[in-house]
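This report concerns only the one structure given below.
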Amino acid sequence: MALEDGKQETIVVVVESSADANVNSALGELTATTEEEEDIKGWGFSDPRLRPFVIISIAYLLFTVTDGAIRMIVLLHAYNKNFSALEVAVMFTLYELAGVFTNLAAGMMGARWGIRFTLITGLCLQIFSYGLLFGWQDSWSKGTAMTYVTIAQMFAGIAKDLTKLGGKTVTKLVTPEGKDTRLFRLVSLLTGWKNSLKGVGYFLGSALLEVSYELALGFMIGLVAIALPFAIFGLDKDLGTAKKKNSSLKEIFVFDNYNLNVLSLARLFLFASRDFWFEVPLPFYLRSPDCQALGPYFPCSLEDEDSCTRGALCDSSVEYCTNINTGGGCGGPGLNRVVVGAFLGGYIIVYGQVQSWTPQLVTGPLNQTPPNKLTEVFWGMINCYPTLTATIVVYASEAFRQYKVNEMVAWLIVIIVAFAVIFAINSSIHSFLVVKYAKADKVAASVGFYYMSNALGRLMGTLGSGFLYTYAGGGMMDVPGYDPGYDNTRGLAACFLAGTLSSLLAAVITIWIKDEDSGFKCGKWTLVEPTEELEDSDQPEIEGSNQKESRETRCDGSNKEVIRKSEEEFLAQAQN
């Protein structure tokens, strides 16, 4: 296939067989698949070929705990200070918006100055952001507090995306060219454990906040400080750099990479489908009390901790139960901060673990490894069902209409766990596809552009969720003598509906990607025939080619033997 300057395009086709390389653990053994491939064993810190992966992973994972914690610390602290969901969403605006621009800049910085530079910068900015949050004063007006916290969060957003660049890029740099199955497993492992530790951060942030706001901030600064020496002393300054011509702003936008551009647009809506309901509406709803158990008809005493329902506050000045946050509305189960943190953290952990094991437990058994665009379309459509179910249940079920707390919590757990599993599979496939489509000599720039759209999707979802949750619930609840705020059950249902529509858009957009040559299977059924397979009679005789073949039974009920050609044969045929 002719390219510019007479160069030939190298087409690599992964041949799946029992000899395919396996990643058995985070630092597991790598088994060579051909005689020419170097036998790499004993992955670990002492192996110079994989040391960057180990060091960056340690720093990235420690940082991730603090990234999860900062969201819960800010959100739950703001909730107790009577900020509305929309006001809290605004506080995260610069956090998410910074990601849009930082991913562009990070790609260019990584290409020019290396991953070490971006990683160290990200860790230092995270410490600075936490330090600024120490200055949040109770005496400030809402406007002053929102401005200050939004700016502090901006530095955390920049830090997150600078650090993420190293974590996502290093997997490509340590994976031999053409080993797509191995790359998929490595990417899934790192991103999965990253998200699990982010869930730990959600729980730790809320638990430490229950003790002290200052303790929560100080503990997280300590974790970042642990990660810094690894990045400073353990990495080569040139790791991840590109040729100088690939470091321009024009190259960062990589508009010549069609598949990456379409995948980036799909990624925007995929992550908006989660953040339309998860980051702000869900914790606000879980914290909010019963609307009908507030006001003068529900007297209370400070000496009796159980005189008010969960989530309500006994106001000593009026001696009746009030809403801790009238701006945050009412209608939820009224869970305390630690339980809310455990609830969201549990979701992130489930999501992360499923993401880690997607190649082994999901796409592998279904014969969908390595995945292509058809795999993502399939799982993208399935991603619509949990939030669609949630919309119907929250809006119309008896459990929510009659305020049956145990049933409400049970429904939310089932729906959210289902979404976590399916969304994790989608995210794992996306994480693989971006490094697959990225060009090897400018992978940092390509990944940076892709995650810019990721940040834009989170921004859209976060702002949209704050607006929907606050205003889609209808008017104020009618409680004699007291204003408890909006009934946000309908607001939560509206957020789930927005997430469903966003999931659908992401799946439809993915159809435009040109990556269906390997076909699509679902277990033993071949749903889309691969176009790369050649009939035996059409196969050219190639002198000196590797004649290794792997056989598999066609899973369409015919039990015919299909000869899958070797990588060398496919290359020769394509060049002809």
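On full extension, the segment bounded by Ser139 and Ile58 gains 25.2 nm, given 0.36 nm per residue less the C-alpha separation. Applying both filters, DSSP loop and at most 12 other Cβ atoms within 10 Å, to the GluC sites (Glu not before Pro) of region 281-381 gives Glu303, Glu305.
With a 1.4 Å probe rolled over the protein heavy atoms of all chains, the accessible area of Thr144, Thr66 falls in the order Thr144, Thr66, largest first. Neighbours of Arg337 by Cβ distance under 15 Å: Lys/Arg scored +1, Asp/Glu scored -1, total +3. Counted residue by residue at 0.36 nm each, then reduced by the alpha carbon distance between them, the extension gain from Tyr395 to Tyr297 reaches 32.5 nm. A Förster radius of 25 Å combined with the Cβ-Cβ distance from Val528 to Tyr258 puts the calculated FRET efficiency at roughly 0.80. Accessible area ranking (1.4 Å probe, heavy atoms, ligands and nucleic acids excluded), largest first, for Ser301, Ser356: Ser301, Ser356. Subtracting the Cα-Cα distance of Val508 and Gln360 from their residue separation scaled by 0.36 nm leaves 50.6 nm. In the structure shown, the pairs Lys81/Lys404; Lys194/Lys237; Lys164/Lys436; Lys164/Lys514; Lys373/Lys524 are assessed against 21 Å; a Cα-Cα span above that value is assigned to Lys81/Lys404; Lys194/Lys237; Lys164/Lys514.
Other residues with beta-carbon under 10 Å from the beta-carbon of Gly352 carry, at +1 per Lys or Arg and -1 per Asp or Glu, a net charge of +2. Here's how it looks for Cys330: its modeled amide H is under 5 Å from those of Tyr486, Asp487, Asn488, which are all 5 or more places away or on a different chain. As a test of the definition: which semi-axes, in Å, follow for region 309-350 when you take the square root of five times each eigenvalue of its alpha carbon gyration tensor? Largest first, please. In descending order, the three semi-axes are 27, 10, 7 Å.
Of the residues Cys330, Cys124, ranked by 1.4 Å probe accessible area with the largest first, the sequence reads Cys124, Cys330.
Across region 259-375, the fraction of Cα-Cα pairs farther apart than 26 Å, rounded to a whole number, is 45%.
Summing +1 for each Lys or Arg and -1 for each Asp or Glu among the other residues whose beta-carbon sits under 13 angstrom from that of Gln137 gives 0.
A simple rule links phi to the HN-Hα coupling: the Karplus curve 6.51 cos²θ - 1.76 cosθ + 1.60 with θ = phi - 60°, which for region 210-217 gives 5, 7, 6, 4, 5, 4, 4, 5 Hz, with x for Gly and Pro. Over 10 Å intervals from 0, what percent of Cα-Cα pairs in region 381-441 sits in each interval? With 10 Å bins starting at 0, P(r) equals 21, 36, 21, 13, 7, 2.
When restricted to Cα atoms, region 314-384 yields an Rg and a Dmax of 21.2, 65 Å, respectively. When its C-alpha radius of gyration is set against 2.2 N^0.38 Å (N residues), region 109-157 gives a value of 1.47.
The values are calculated or read from the model by the stated rules, or taken from the named source; none is laboratory data. Because the structure is predicted, anything quoted here is derived from the model rather than measured. FYI the Cβ positions are ideal-geometry reconstructions off the backbone, even for glycines, and counts take in every protein chain you see. Surface accessibility is based on the protein's heavy atoms, side chains included, excluding ligands, DNA and RNA. Shrake-Rupley method; radii C 1.70, N 1.55, O 1.52, S 1.80 Å.
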